[in-house]
Amino acid sequence: MRRRFLAALGGVAIAVSLAACSGEGAGGGGDTKGAEPGDLTIGVSMPTQTSERWIADGNSVKEKLQAKGYKVDLQYAGDEIPTQSQQIDQMITQGADVLVIAAIDGTALSGQLQAAANAKIPVISYDRLIRNSPNVDFYVSFDNYKVGVAQANALLVGLGLQNKDGSKGSAAGPFNIELFAGSLDDNNAHFFFAGAMDTLKPYLDAGTLKVKSGQTKIEQVAILRWQQETAQKRMEDLLTSSYNDGGKVDGVLSPFDGLSRGIITALQNAGYRGGAKKMPVVTGQDAEVASVKLINDGVQSSTVFKDTRLLADQAVVAAEAFLKKEQPKANDTRTYDNGVKVVPSFLLPVQTVYKDDIQSVLIDSGYLTAQEVAAGRAG
Ligand code: BGC
(Lines give C-alpha, C1' and ligand atoms only; values in the text may rest on other atoms or scores of the structure.)
Protein backbone atom coordinates (compact mmCIF):
# COMPACT_ATOMS: atom_id res chain seq x y z
CA MET A 1 0.00 0.00 0.00
CA ARG A 2 2.68 2.45 1.07
CA ARG A 3 4.56 1.64 -2.08
CA ARG A 4 1.67 2.73 -4.22
CA PHE A 5 1.41 6.03 -2.36
CA LEU A 6 5.08 6.67 -2.90
CA ALA A 7 4.98 5.84 -6.56
CA ALA A 8 2.03 8.17 -7.01
CA LEU A 9 3.36 11.05 -4.98
CA GLY A 10 7.13 10.81 -5.44
CA GLY A 11 9.61 13.08 -3.66
CA VAL A 12 12.03 12.15 -0.90
CA ALA A 13 10.52 14.51 1.67
CA ILE A 14 7.09 12.94 1.26
CA ALA A 15 8.53 9.44 1.29
CA VAL A 16 10.37 10.17 4.50
CA SER A 17 7.37 11.62 6.33
CA LEU A 18 5.02 8.84 5.24
CA ALA A 19 7.45 6.16 6.31
CA ALA A 20 8.01 7.92 9.61
CA CYS A 21 4.25 7.92 10.33
CA SER A 22 3.63 4.37 9.23
CA GLY A 23 5.01 2.74 12.35
CA GLU A 24 6.51 -0.16 10.41
CA GLY A 25 9.05 -2.40 12.11
CA ALA A 26 12.75 -2.35 11.28
CA GLY A 27 13.87 -4.07 8.11
CA GLY A 28 11.85 -4.38 4.94
CA GLY A 29 10.48 -1.35 3.16
CA GLY A 30 6.87 -1.57 4.27
CA ASP A 31 4.68 -4.62 4.92
CA THR A 32 6.94 -6.95 3.06
CA LYS A 33 6.62 -9.96 5.36
CA GLY A 34 4.28 -12.41 3.70
CA ALA A 35 3.89 -10.19 0.63
CA GLU A 36 3.81 -11.77 -2.82
CA PRO A 37 7.21 -11.47 -4.56
CA GLY A 38 5.44 -9.86 -7.51
CA ASP A 39 4.45 -6.95 -5.25
CA LEU A 40 8.02 -6.34 -4.12
CA THR A 41 10.72 -4.38 -5.91
CA ILE A 42 14.45 -4.61 -5.36
CA GLY A 43 16.52 -1.63 -6.50
CA VAL A 44 19.92 -2.69 -7.80
CA SER A 45 22.46 0.10 -8.32
CA MET A 46 25.64 -0.81 -10.18
CA PRO A 47 28.60 1.50 -10.83
CA THR A 48 29.47 1.14 -14.49
CA GLN A 49 29.12 -0.91 -17.64
CA THR A 50 32.67 -0.26 -18.78
CA SER A 51 33.86 -3.34 -16.91
CA GLU A 52 32.44 -6.75 -17.73
CA ARG A 53 32.27 -7.84 -14.15
CA TRP A 54 29.61 -5.27 -13.22
CA ILE A 55 27.50 -6.24 -16.22
CA ALA A 56 27.73 -9.87 -15.11
CA ASP A 57 26.90 -8.88 -11.52
CA GLY A 58 23.90 -6.79 -12.57
CA ASN A 59 22.56 -9.49 -14.87
CA SER A 60 23.04 -12.27 -12.32
CA VAL A 61 21.32 -10.38 -9.49
CA LYS A 62 18.45 -9.38 -11.77
CA GLU A 63 17.92 -12.84 -13.23
CA LYS A 64 18.07 -14.58 -9.87
CA LEU A 65 15.58 -12.17 -8.29
CA GLN A 66 13.25 -12.30 -11.27
CA ALA A 67 13.35 -16.10 -11.22
CA LYS A 68 11.88 -15.86 -7.72
CA GLY A 69 9.17 -13.53 -8.97
CA TYR A 70 10.48 -10.19 -7.65
CA LYS A 71 10.45 -6.97 -9.63
CA VAL A 72 13.92 -5.55 -10.22
CA ASP A 73 14.94 -1.98 -10.95
CA LEU A 74 18.54 -2.34 -12.22
CA GLN A 75 20.47 0.87 -12.94
CA TYR A 76 24.04 1.57 -14.03
CA ALA A 77 25.55 4.93 -13.14
CA GLY A 78 28.27 5.32 -15.80
CA ASP A 79 30.86 5.84 -13.05
CA GLU A 80 29.27 9.26 -12.29
CA ILE A 81 28.61 9.87 -8.60
CA PRO A 82 25.68 12.32 -9.11
CA THR A 83 24.04 9.83 -11.48
CA GLN A 84 24.26 7.05 -8.92
CA SER A 85 22.86 9.34 -6.19
CA GLN A 86 19.91 10.33 -8.42
CA GLN A 87 19.20 6.75 -9.41
CA ILE A 88 19.08 5.67 -5.76
CA ASP A 89 16.92 8.68 -4.81
CA GLN A 90 14.52 7.60 -7.51
CA MET A 91 14.48 3.97 -6.36
CA ILE A 92 13.53 5.21 -2.90
CA THR A 93 10.75 7.51 -4.09
CA GLN A 94 9.41 4.78 -6.34
CA GLY A 95 9.07 2.54 -3.32
CA ALA A 96 11.88 0.00 -3.52
CA ASP A 97 11.61 -2.58 -0.74
CA VAL A 98 15.33 -3.40 -0.56
CA LEU A 99 18.36 -1.67 -2.09
CA VAL A 100 21.42 -3.52 -3.37
CA ILE A 101 24.20 -1.01 -4.05
CA ALA A 102 27.71 -1.31 -5.49
CA ALA A 103 28.96 2.23 -4.86
CA ILE A 104 31.20 4.26 -7.15
CA ASP A 105 32.51 6.35 -4.26
CA GLY A 106 31.97 4.54 -0.98
CA THR A 107 31.68 7.80 0.96
CA ALA A 108 29.26 9.66 -1.28
CA LEU A 109 25.91 8.05 -0.50
CA SER A 110 25.18 9.08 3.11
CA GLY A 111 22.21 11.26 2.09
CA GLN A 112 20.61 8.50 0.03
CA LEU A 113 21.16 5.96 2.78
CA GLN A 114 19.58 8.25 5.34
CA ALA A 115 16.52 8.61 3.10
CA ALA A 116 16.41 4.82 2.75
CA ALA A 117 16.62 4.37 6.51
CA ASN A 118 13.85 6.92 7.05
CA ALA A 119 11.69 4.95 4.63
CA LYS A 120 12.72 1.69 6.39
CA ILE A 121 14.34 0.29 3.28
CA PRO A 122 17.20 -2.10 4.10
CA VAL A 123 20.46 -1.47 2.28
CA ILE A 124 22.80 -4.24 1.15
CA SER A 125 26.25 -3.01 0.23
CA TYR A 126 27.30 -5.09 -2.76
CA ASP A 127 31.00 -5.99 -3.16
CA ARG A 128 32.19 -2.45 -2.24
CA LEU A 129 31.58 -1.31 1.33
CA ILE A 130 29.61 1.93 1.69
CA ARG A 131 31.42 4.06 4.24
CA ASN A 132 30.58 6.76 6.79
CA SER A 133 26.93 5.79 7.20
CA PRO A 134 25.12 3.95 9.98
CA ASN A 135 22.49 2.91 7.44
CA VAL A 136 24.28 -0.01 5.80
CA ASP A 137 22.48 -3.14 6.93
CA PHE A 138 24.59 -5.89 5.37
CA TYR A 139 27.65 -6.39 3.20
CA VAL A 140 28.15 -9.16 0.63
CA SER A 141 31.60 -9.43 -0.90
CA PHE A 142 34.69 -11.56 -1.33
CA ASP A 143 37.58 -11.75 1.09
CA ASN A 144 39.18 -8.59 -0.25
CA TYR A 145 42.38 -8.76 1.83
CA LYS A 146 42.95 -12.28 0.46
CA VAL A 147 42.51 -10.95 -3.09
CA GLY A 148 45.58 -8.79 -2.48
CA VAL A 149 47.48 -11.69 -0.92
CA ALA A 150 46.60 -13.84 -3.95
CA GLN A 151 47.80 -11.15 -6.36
CA ALA A 152 51.12 -10.76 -4.54
CA ASN A 153 51.59 -14.54 -4.40
CA ALA A 154 50.86 -14.76 -8.13
CA LEU A 155 53.52 -12.13 -8.75
CA LEU A 156 56.03 -14.13 -6.66
CA VAL A 157 55.09 -17.34 -8.47
CA GLY A 158 55.40 -15.68 -11.88
CA LEU A 159 58.88 -14.41 -10.96
CA GLY A 160 59.92 -17.86 -9.69
CA LEU A 161 60.49 -16.64 -6.12
CA GLN A 162 57.74 -18.89 -4.84
CA ASN A 163 56.05 -22.07 -6.00
CA LYS A 164 52.28 -22.40 -6.29
CA ASP A 165 52.20 -24.46 -3.08
CA GLY A 166 53.81 -21.57 -1.20
CA SER A 167 57.26 -23.16 -0.96
CA LYS A 168 60.40 -21.26 -1.93
CA GLY A 169 61.01 -21.00 -5.68
CA SER A 170 64.25 -21.45 -7.58
CA ALA A 171 64.76 -17.80 -8.64
CA ALA A 172 66.95 -15.51 -6.57
CA GLY A 173 66.27 -12.04 -7.96
CA PRO A 174 66.69 -9.19 -7.48
CA PHE A 175 63.72 -8.18 -9.62
CA ASN A 176 62.37 -4.77 -10.56
CA ILE A 177 58.66 -4.41 -9.96
CA GLU A 178 56.10 -1.61 -10.13
CA LEU A 179 52.91 -1.37 -8.11
CA PHE A 180 49.39 -0.30 -9.04
CA ALA A 181 46.31 0.12 -6.86
CA GLY A 182 42.65 0.79 -7.60
CA SER A 183 40.51 3.87 -6.98
CA LEU A 184 41.11 5.45 -3.57
CA ASP A 185 37.38 6.08 -3.07
CA ASP A 186 36.73 2.32 -3.32
CA ASN A 187 37.22 0.66 0.06
CA ASN A 188 38.29 -2.54 -1.70
CA ALA A 189 41.33 -0.87 -3.26
CA HIS A 190 42.78 -0.40 0.24
CA PHE A 191 42.16 -4.04 1.23
CA PHE A 192 43.70 -5.35 -2.01
CA PHE A 193 46.79 -3.17 -1.59
CA ALA A 194 47.20 -4.01 2.10
CA GLY A 195 46.99 -7.76 1.41
CA ALA A 196 49.52 -7.46 -1.41
CA MET A 197 51.99 -5.23 0.43
CA ASP A 198 51.95 -7.36 3.59
CA THR A 199 52.86 -10.33 1.39
CA LEU A 200 55.56 -8.52 -0.61
CA LYS A 201 57.14 -6.74 2.39
CA PRO A 202 59.72 -9.41 3.32
CA TYR A 203 60.95 -9.49 -0.30
CA LEU A 204 61.07 -5.67 -0.48
CA ASP A 205 62.87 -5.47 2.86
CA ALA A 206 65.41 -8.09 1.72
CA GLY A 207 66.01 -6.29 -1.59
CA THR A 208 64.86 -9.31 -3.60
CA LEU A 209 62.16 -7.06 -5.04
CA LYS A 210 62.89 -3.43 -5.87
CA VAL A 211 60.34 -0.79 -6.84
CA LYS A 212 62.61 1.15 -9.15
CA SER A 213 60.34 4.21 -9.32
CA GLY A 214 60.30 4.40 -5.53
CA GLN A 215 56.49 4.73 -5.67
CA THR A 216 55.22 2.40 -2.98
CA LYS A 217 52.45 4.35 -1.24
CA ILE A 218 48.87 3.71 -2.24
CA GLU A 219 48.33 7.43 -2.91
CA GLN A 220 51.20 7.33 -5.44
CA VAL A 221 50.07 4.21 -7.29
CA ALA A 222 46.24 4.47 -7.19
CA ILE A 223 44.24 4.74 -10.42
CA LEU A 224 41.11 6.89 -10.15
CA ARG A 225 37.91 5.02 -11.14
CA TRP A 226 40.01 1.98 -12.11
CA GLN A 227 40.51 3.46 -15.61
CA GLN A 228 42.51 1.39 -18.11
CA GLU A 229 43.79 4.50 -19.96
CA THR A 230 45.04 6.08 -16.73
CA ALA A 231 46.95 2.89 -15.91
CA GLN A 232 48.46 2.83 -19.40
CA LYS A 233 49.55 6.45 -19.04
CA ARG A 234 51.09 5.82 -15.62
CA MET A 235 53.01 2.78 -16.92
CA GLU A 236 54.27 4.86 -19.86
CA ASP A 237 55.40 7.58 -17.47
CA LEU A 238 57.15 5.03 -15.24
CA LEU A 239 59.03 3.58 -18.21
CA THR A 240 60.19 7.04 -19.23
CA SER A 241 61.08 8.26 -15.77
CA SER A 242 62.62 5.16 -14.20
CA TYR A 243 63.67 2.70 -16.94
CA ASN A 244 65.51 4.85 -19.49
CA ASP A 245 68.84 3.69 -18.08
CA GLY A 246 68.59 0.21 -19.60
CA GLY A 247 66.84 -1.23 -16.53
CA LYS A 248 64.00 -3.66 -17.16
CA VAL A 249 60.65 -4.15 -15.49
CA ASP A 250 60.29 -7.76 -14.32
CA GLY A 251 56.89 -7.66 -12.67
CA VAL A 252 53.83 -5.46 -12.18
CA LEU A 253 51.33 -5.80 -9.36
CA SER A 254 48.01 -4.93 -10.95
CA PRO A 255 44.76 -5.22 -8.98
CA PHE A 256 42.29 -5.42 -11.90
CA ASP A 257 42.31 -6.93 -15.39
CA GLY A 258 41.29 -3.63 -17.00
CA LEU A 259 44.35 -1.93 -15.51
CA SER A 260 46.49 -4.92 -16.51
CA ARG A 261 45.48 -4.49 -20.14
CA GLY A 262 46.49 -0.80 -20.04
CA ILE A 263 49.79 -1.72 -18.40
CA ILE A 264 50.45 -4.48 -20.97
CA THR A 265 49.73 -2.09 -23.87
CA ALA A 266 52.24 0.42 -22.47
CA LEU A 267 54.84 -2.32 -22.07
CA GLN A 268 54.24 -3.72 -25.55
CA ASN A 269 54.53 -0.23 -27.06
CA ALA A 270 57.89 0.10 -25.30
CA GLY A 271 59.12 -3.13 -26.89
CA TYR A 272 58.39 -5.68 -24.18
CA ARG A 273 57.38 -8.59 -26.35
CA GLY A 274 59.85 -11.41 -26.00
CA GLY A 275 63.52 -12.24 -26.21
CA ALA A 276 65.70 -10.10 -23.95
CA LYS A 277 62.78 -7.74 -23.24
CA LYS A 278 60.18 -10.31 -22.31
CA MET A 279 56.81 -9.27 -20.97
CA PRO A 280 56.97 -8.75 -17.20
CA VAL A 281 54.83 -10.85 -14.88
CA VAL A 282 51.51 -8.96 -14.72
CA THR A 283 48.75 -9.90 -12.25
CA GLY A 284 45.04 -9.10 -12.43
CA GLN A 285 41.55 -9.62 -11.07
CA ASP A 286 38.06 -10.53 -12.28
CA ALA A 287 38.81 -13.09 -15.02
CA GLU A 288 37.63 -10.65 -17.70
CA VAL A 289 37.46 -12.50 -20.98
CA ALA A 290 39.95 -10.26 -22.83
CA SER A 291 42.47 -10.86 -20.05
CA VAL A 292 41.79 -14.59 -19.87
CA LYS A 293 42.73 -14.70 -23.55
CA LEU A 294 45.93 -12.80 -22.73
CA ILE A 295 46.68 -15.36 -20.02
CA ASN A 296 45.97 -18.19 -22.45
CA ASP A 297 48.32 -16.54 -24.95
CA GLY A 298 51.06 -16.23 -22.31
CA VAL A 299 50.96 -12.40 -22.19
CA GLN A 300 49.30 -11.79 -18.79
CA SER A 301 50.46 -14.05 -16.00
CA SER A 302 47.37 -14.54 -13.81
CA THR A 303 44.06 -13.18 -12.63
CA VAL A 304 42.09 -13.55 -9.42
CA PHE A 305 38.70 -15.06 -10.15
CA LYS A 306 35.72 -13.97 -8.10
CA ASP A 307 32.61 -15.88 -9.05
CA THR A 308 30.03 -13.14 -9.41
CA ARG A 309 27.28 -15.77 -9.71
CA LEU A 310 27.92 -16.77 -6.09
CA LEU A 311 27.97 -13.13 -5.00
CA ALA A 312 24.63 -12.56 -6.71
CA ASP A 313 23.26 -15.62 -4.86
CA GLN A 314 24.31 -14.09 -1.54
CA ALA A 315 22.74 -10.75 -2.42
CA VAL A 316 19.47 -12.55 -3.16
CA VAL A 317 19.65 -14.54 0.09
CA ALA A 318 20.25 -11.34 2.07
CA ALA A 319 17.47 -9.44 0.26
CA GLU A 320 14.98 -12.23 0.95
CA ALA A 321 15.94 -12.35 4.62
CA PHE A 322 15.27 -8.61 4.96
CA LEU A 323 11.94 -8.94 3.15
CA LYS A 324 10.95 -11.58 5.70
CA LYS A 325 12.10 -9.18 8.46
CA GLU A 326 14.95 -11.51 9.36
CA GLN A 327 18.67 -10.80 9.65
CA PRO A 328 20.76 -12.38 6.91
CA LYS A 329 23.39 -14.84 8.10
CA ALA A 330 26.85 -13.27 8.33
CA ASN A 331 30.16 -15.14 8.28
CA ASP A 332 32.24 -12.11 9.31
CA THR A 333 31.26 -9.59 11.96
CA ARG A 334 34.70 -8.08 12.63
CA THR A 335 36.48 -6.94 9.51
CA TYR A 336 34.37 -4.35 7.75
CA ASP A 337 34.22 -1.21 9.85
CA ASN A 338 32.74 1.48 7.62
CA GLY A 339 33.84 4.34 9.85
CA VAL A 340 30.58 4.37 11.83
CA LYS A 341 29.96 0.71 12.57
CA VAL A 342 31.14 -2.79 11.78
CA VAL A 343 28.87 -4.03 9.03
CA PRO A 344 27.88 -7.72 9.25
CA SER A 345 29.26 -9.38 6.16
CA PHE A 346 29.11 -12.50 4.07
CA LEU A 347 32.47 -13.02 2.39
CA LEU A 348 33.19 -15.48 -0.41
CA PRO A 349 36.54 -17.10 -1.24
CA VAL A 350 38.64 -16.23 -4.30
CA GLN A 351 40.74 -18.31 -6.66
CA THR A 352 43.94 -17.53 -8.56
CA VAL A 353 43.84 -18.51 -12.22
CA TYR A 354 47.02 -19.18 -14.20
CA LYS A 355 47.02 -20.49 -17.77
CA ASP A 356 46.72 -24.09 -16.55
CA ASP A 357 43.57 -23.31 -14.55
CA ILE A 358 41.50 -21.70 -17.30
CA GLN A 359 39.85 -24.94 -18.35
CA SER A 360 39.07 -26.34 -14.91
CA VAL A 361 38.11 -23.12 -13.11
CA LEU A 362 36.55 -20.91 -15.76
CA ILE A 363 35.37 -23.12 -18.62
CA ASP A 364 34.26 -26.26 -16.79
CA SER A 365 32.25 -24.13 -14.34
CA GLY A 366 30.44 -22.46 -17.25
CA TYR A 367 31.74 -18.98 -16.35
CA LEU A 368 33.29 -18.60 -19.82
CA THR A 369 33.14 -20.77 -22.91
CA ALA A 370 36.22 -22.03 -24.73
CA GLN A 371 35.07 -19.98 -27.76
CA GLU A 372 34.92 -16.81 -25.68
CA VAL A 373 38.40 -17.39 -24.31
CA ALA A 374 39.76 -18.02 -27.80
CA ALA A 375 38.08 -14.88 -29.16
CA GLY A 376 38.79 -12.71 -26.11
CA ARG A 377 35.23 -11.43 -26.03
CA ALA A 378 31.95 -12.41 -24.49
CA GLY A 379 29.11 -13.96 -26.42
C1 BGC B 1 35.97 -4.86 -7.28
C2 BGC B 1 36.89 -5.51 -8.26
C3 BGC B 1 36.96 -4.71 -9.54
C4 BGC B 1 37.16 -3.25 -9.26
C5 BGC B 1 37.07 -2.43 -10.53
C6 BGC B 1 36.38 -3.45 -7.08
O7 BGC B 1 35.57 -2.84 -6.14
O8 BGC B 1 35.99 -5.58 -6.06
O9 BGC B 1 36.42 -6.82 -8.55
O10 BGC B 1 38.04 -5.17 -10.29
O11 BGC B 1 36.25 -2.78 -8.31
O12 BGC B 1 35.81 -2.51 -11.09
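The values are calculated or read from the model by the stated rules, or taken from the named source; none is laboratory data. Because the structure is predicted, anything quoted here is derived from the model rather than measured. All Cβ positions, glycine included, derive from the backbone under ideal geometry; neighbour counts span all protein chains shown. Side chains included, ligands, DNA and RNA excluded: accessible areas come from the protein's heavy atoms. Shrake-Rupley method; radii C 1.70, N 1.55, O 1.52, S 1.80 Å.
For the pair residue 49 and residue 248 in one chain, pulling the backbone fully straight at 0.36 nm per residue adds 68.1 nm over the alpha carbon distance.
Using the Cβ atoms and a cut-off under 13 Å, what net charge is assigned to the surroundings of residue 111, where Lys and Arg are +1 and Asp and Glu are -1?
Charge balance near residue 111 sits at -2.
Consider a paramagnetic label point 7 Å from the Cα of residue 237 along Cα→Cβ; state which residues of segment 265-285 have an amide N under 18 Å from it. Under 18 Å, as judged by backbone N against the label point of residue 237, lie 265-267, 270 of segment 265-285.
Just to confirm, what accessible area per residue do you get for the chain at 1.4 Å probe, in whole Å²? Using a 1.4 Å probe on heavy atoms only, each residue of the chain averages 40 Å². Extension gain for residue 220 to residue 317 (0.36 nm times residue separation, less C-alpha to C-alpha distance): 31.0 nm. Summarising the label geometry, the points placed 7 Å from Cα in the beta-carbon direction at residue 63 and residue 341 lie 3.4 nm from one another.
Heavy-atom surface analysis with a 1.4 Å probe gives the chain a carbon and sulfur content of 50 percent of its accessible area. Of 306/355; 293/355; 62/120, which pairs sit farther than 19 Å apart, going by alpha carbon to alpha carbon? Checking Cα-Cα distances, 62/120 exceed 19 Å.
Each 20 Å bin from zero holds the following percent of Cα-Cα pairs in the chain: 29, 51, 18, 1. The residues neighbouring residue 56, those whose beta-carbon lies less than 15 Å from its own, together hold a net charge of -4 under the Lys/Arg +1, Asp/Glu -1 convention.
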